[in-house]
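Values in this text are rule-based calculations from the coordinates and carry no lab data. Just so it is clear, the model here is predicted, and its values are computed rather than measured. For neighbour counting, all protein chains shown are included, and Cβ atoms are generated from backbone atoms with ideal geometry for every residue, glycine included.
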Amino acid sequence: MKTKIFVGLLFLSAIVIINSCENKQAAVSPVSFSSSCDTINLTFSSDSNTMQAIVNVQCGVNNNSCHSPSGASGYDYSTYAGIYANYQNGLLYGSLFGNLPRMPLTQQAGWDPSCMLPKFQAWMNRGCPQ
């Protein structure tokens, strides 16, 4: 009987350890935003209210300044794969909410930062759906 309990506890411990290692991406810290900021069902690309639209303007994809294929940063956000890679390694979180150099460096016209960051937060909390 003691052996079965020990094996059961060992198995349960292994499951907990494996699950804790699977998702190393930390949850994004809460950001305050206005109630008019729509953060529901965001995807990377589908219409003008998506993360791709924000990334294209705010991250310099449209003007080739920072996160475009020829941008100065070396991180290409013109594709989903480019931004998703930095979500997975924590650079996206660190630059928006953490201790890395804060992004975006400059606010582009037409985007409300009090809504942009909550959109990133909601999108990242859902695993950056495409």
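Can you tell me the FRET efficiency between Asn41 and Tyr84 if r is taken as the Cβ-Cβ distance and R0 is 22 Å, rounded to the nearest 0.05?
Calculated value: 0.80.
Using only the alpha carbons of the range 46-130, what is the convex hull's orientation-averaged projected area in square nanometres?
Orientation-averaged projected area of the Cα hull: 5.2 nm².
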